[in-house]
Amino acid sequence: MLTRLITSLVTLIGVVSLVFFLIHLIPGDPVEYILGDSARPADREALRSELGLDRPLPVQYADYLSGLIRFDLGNSLHSKQPVTALLLERLPATLKLSLVAFLLAVLIALPLGVLAATRSGTFWDSGAMTLSLLGVSIPNFWLGPMLILLFSLWLGLTPVSGMEQPGSVVLPAITLGVSLAAILARMVRSSLLEVLGEDYIRTARAKGVSEQRIVWRHALGNALLPVITLLGLQFGALLAGSVITEKVFSWPGIGLLLIDAIQQRDYPVVQGTVLLIAVSYLIVNRLTDLLYRVVDPRVRLE
Amino acid sequence: MSRWFAITILLAWVMAVLMQPLLQTTPDVIHLDAILAPPGPDYWLGNDALGRSVGERLLAGAEIALLVSVATVLISALAGTVIGALSGYAGGMTDIVISRIIDIMLAFPGILLAIALAAVLGPGIDNLVIAISVVGWVGYARLARAQALSLKQREHVTAAIALGSRQGRILRRHIIPLMLAPLVVEASFGIAAVIVAEAGLSFLGLGVQPPQASWGSMIREGADFLLVAPHLAIFPGIAIFLVVLAANLFGDWLRSRLNVREKVG
């Protein structure tokens, strides 16, 4: 337990440092990049000292770390607001979108996976798996516009973009959730198939327990255990996928903030957003890992 | 059946790229008299907002997708395999350091790191390949490390050590060749992932720059004209979807053919 905590901490420091060095060690001068070639030397110097880039790298790094501890991520070059305030303002929208997408994915994947596993080898199985393959292969930056075209522009059922109107979360959530649903369905299927082949299921069948009860009461619980780990891993894909989905639907979350900041070359905001997403991903991953140990006694014993 | 579908699509993709010089396409030429022309006899798949041929731009995009995906998969698979095999085989401090780095890289959602890298490096095809490779090698390294760990216990490796083979030779001749099957499977799924990443970054404006055509930037440009000219966004999306689907199907087929166990999680 203690060693796991330590490795998590090392990884956390690594992630935090990687974000810093990403911005600071890459060849090319950010000031040059922000102001362009035609900037006056005096303006360059001014921006350089505003960004703190005129100080030695170790000092900048120490400053960055001590800022992090105080939740100070610097100020936006564009709006001059603190980055932390910007992130907090945008976070609820991203959480709402990810949560709805996540629920949607589970609601689609669970029945689909169970259907495929309990009728393995039949038309239902191959149908569900084909659907899942299509879901994995469809890129969300295309699915989004196509859903807008069909449901917003042609059928007039949903708003095109933004999040003010009722029902505006539906299309972004579908766009974001489809690939997760597809991966989950595959995972539920293979995991359930494996559990259904175990001895205790055979015993239950021999006792005359109904097939339905076997699947839902005896097998599914155990089959879902490995799926928990996968959910943790996929949470990162969900967060990162929300960057593209938010761009497609102009959904005012941290993903859109990141893309806008990249276009405005607003480095402190880019750094803060990437850091927030990466750290949340890491924390969720470690928590699922922990949860997995709690719910599965076999892992705890190891 | 699905195998033939996959092979047909992938071959058509490669052929489309190879045939391009013969077709003398002009994907960047502007026809102001035929802006947003719908698909029809004059303009095969219609024209975009500048009157450029969507069909010819699709072909140009196919070339970018092929170049970027092959280059990226080759670079990341090669680097990942060597680093991972070294880590697993050498053990000790080397393994600890490399494993830590792999853990940190995996603690990043891949596409996010690619977005951040592409943003910092600036747009362009070279930077696109660098950004996706920096993210991509980790998966191969993890796989290669696990393989090397189990392979080095095998008798033929012990025999090679007993015969006095040098470390590098053992790695090159006795370990790496045996771990190729899962890596080849990973690489074919890698093609699909890289195409999506390239198109995604170009969609965000971080990849291929105008006027050059990429399937991703075509979708982005088309998204502004969904109502008046839906074909602008529909066709490049179908192209990505078909190629990605084919690469995934091909990977599935390879996996069952080469008898590689599906990785969990």
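Derivation of every value follows stated rules applied to the coordinates shown; laboratory data play no part. Just so you know, these numbers come straight off a predicted model, no measurement behind them. Neighbour counts run over all protein chains shown; Cβ positions are idealised from the backbone, glycine included.
Key figures
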read-out	value
Distance in nm between pseudo-label sites at B:GLN20 and B:LEU32 (7 Å out along the Cβ direction from Cα)	2.7 nm
Cα centroid separation - the range A:140-218 against the range A:221-293, whole Å	20 Å
Computed helical MRE - 222 nm, chain B, DSSP H runs ≥ 4 contributing -39500 (n - 2.57), nearest 500	-23500 deg cm²/dmol
Pairwise FRET efficiency - B:THR158 versus B:ARG3, Cβ, R0 = 45 Å, nearest 0.05	0.70
Candidates B:ALA246, B:ALA162, B:ALA34, ranked by Gaussian network fluctuation over chain B, Cα under 10 Å, top entry	B:ALA162
Exposed-loop-free span, longest in chain A, where trypsin sites (Lys or Arg not before Pro) count as exposed if DSSP calls them loop and at most 10 other C-beta atoms lie within 10 Å	A:81-206
Amide hydrogen neighbours beyond the local backbone of A:ASN75, cut-off 5 Å, H modeled	A:VAL83
D (Stokes-Einstein, µm²/s), Kirkwood Cα radius, chain B, 0.890 mPa s at 25 °C	121 µm²/s
10 Å Cβ neighbours from other chains, averaged over peptide A:151-160	1
Spatial extent of the range A:2-69: Rg and Dmax, with the Cα atoms as the point set, Å	15.7, 55
Estimated vicinal HN-Hα couplings, Hz - the range A:93-109 in sequence order (Karplus 6.51, -1.76, 1.60; Gly, Pro = x)	4, 5, 4, 4, 4, 5, 5, 4, 4, 5, 4, 4, 4, 5, 5, 7, 6
Reach of A:LYS207 by Cα under 17 Å, taken over aspartates and glutamates that are not fewer than 8 positions away in the same chain	A:GLU198, A:ASP199
GNM top mover of B:ASP28, B:ASP95, B:ASP42 - chain B, alpha-carbon springs below 10 Å	B:ASP42
Cα long-axis angle, helix A:220-249 against chain A (0 to 90 degrees, to the nearest 10)	40 degrees
q = 0.12, 0.19 Å⁻¹: log10 I(q)/I(0) that the Debye formula gives for the range A:84-295, counting C-alpha atoms only	-0.71, -1.30
Within chain A, helix-based [θ] at 222 nm, where runs of 4 or more DSSP H residues each add -39,500 (n - 2.57), nearest 500	-24500 deg cm²/dmol
All aspartates and glutamates inside 18 Å of B:LYS152 as judged from Cα atoms, apart from same-chain residues fewer than 8 positions distant	B:ASP95
Peptide A:226-236, shielding by other chains (average Cβ, 10 Å cutoff)	2
Residue order, fewest to most surrounding Cβ atoms within 10 angstrom, among A:THR229, A:THR7, B:THR72	A:THR7, A:THR229, B:THR72
Proximal charge balance of B:GLN20 [Cβ under 11 Å; K/R count +1, D/E count -1]	-2
FRET efficiency, B:GLN209 to A:ASP54 (Cβ-Cβ, R0 30 Å, nearest 0.05)	0.45
Selection of GluC sites (Glu not before Pro), the range A:151-208, meeting DSSP coil and at most 15 other Cβ within 10 Å	A:GLU164, A:GLU198
GNM result for chain A, Cα springs below 10 Å: residue of A:ALA182, A:ALA223, A:ALA39 fluctuating most strongly	A:ALA39
q = 0.13 Å⁻¹: log10 I(q)/I(0) that the Debye formula gives for the protein assembly as shown, counting C-alpha atoms only	-1.54
Spherically averaged projected area in nm², based on the convex hull that wraps the Cα atoms of the range B:166-265	9.4 nm²
Whole-Hz couplings from phi, Karplus 6.51/-1.76/1.60, listed for the range B:99-107; x for Gly and Pro	4, 4, 4, 4, 4, 5, 5, 6, 6
